[in-house]
Amino acid sequence: MDVILLERIEKLGQMGDVVAVRPGFARNYLLPQKKALRATKENKDLFETQRAQLEASNLELKNEADAVSKKLDGLSITIVRQASDNDQLYGSVTVRSIAQSITDAGFTVDSKQVQMARPIKTVGMHEVIVRLHPEVSVSVTANVARSEEEAIAQVEGRSLDEDDQIEAAQQEDETVSDDTATEVSVEDTTDEDTSGEDAAETEEKAAE
């Protein structure tokens, strides 16, 4: 089926191009989403009369998307989910979950704009593409973890086990420091006692 594209479609063409697509793709996606028109003579004439308006509207939307992309590109969102010991999630993170997390971060994004080949099913850092406009896309990182603490560790490139070891080492250092301070205090006390005994002996000898 031949259609007239009303916007840029990746791997198909630019606005105004007449392209051949599978009938199912046209009927189920391009036509109902108003991304294309059937390439009839009437529609071709209609498109030409509206081309300037469509191009101006597309440019305005693209400029808005460019402005948002500068703030959104590189955003990291944290998604906490339950998972097994081998990092497999009990369930999955879908485009809807990603869109909601981005919205919670202060950006209005629809789940249809989130591009994922398949749902996320493992703990880790996952790159996700968000298409703000047919010509503007950004990359967002989904930090999927069992807890906020694990999410922070993943950003720093460390596992929770390593974090636990560091914390334990810090506690051990604090314990050693406390023990050392106690020993010093005991030694000071001992020195004071010895000095007192020496002074007493000196006084006794003087008296004799």
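Here, each number is a calculation from the coordinates, and none is a lab measurement. Just so we're clear, the structure is a prediction, and the values are computed from it rather than from any experiment.
Spelling out what I want: for every residue of region 61-74, take phi, set θ = phi - 60°, compute 6.51 cos²θ - 1.76 cosθ + 1.60 (Karplus), and round to whole Hz; glycine and proline get x.
Residue by residue, region 61-74 yields 5, 5, 4, 5, 5, 4, 5, 5, 4, 5, 8, 8, 4, x Hz.
Just subtract the alpha-carbon distance of K44 and E149 from 0.36 nm times their residue separation and send over the number in nm, one decimal.
Numbers: separation 105, 0.36 × 105 = 37.80 nm, distance 5.76 nm.
Between K44 and E149, full extension yields 32.0 nm more.
Per-residue HN-Hα couplings for region 141-156, Karplus 6.51 cos²θ - 1.76 cosθ + 1.60 at θ = phi - 60°, whole Hz, x for Gly and Pro?
9, 9, 8, 8, 8, 7, 7, 5, 5, 5, 4, 5, 4, 5, 5, 7
Which value results for Rg/Rh of region 4-69 when Rg is the Cα radius of gyration and Rh the Kirkwood radius based on the inverse mean 1/r? All intermediate terms of the calculation are to be shown ahead of the outcome.
On the way: Rg = 12.6 Å, Rh = 12.6 Å.
We get a ratio of 1.00 for region 4-69.
Which of the residue pairs K35/K70; K41/K112; K62/K112; K11/K112; K11/K34 have a Cα-Cα distance greater than 20 Å in the structure shown? Spell out each step's value before the answer.
Values: K35/K70 26 Å; K41/K112 32 Å; K62/K112 17 Å; K11/K112 18 Å; K11/K34 18 Å.
The answer is K35/K70; K41/K112.
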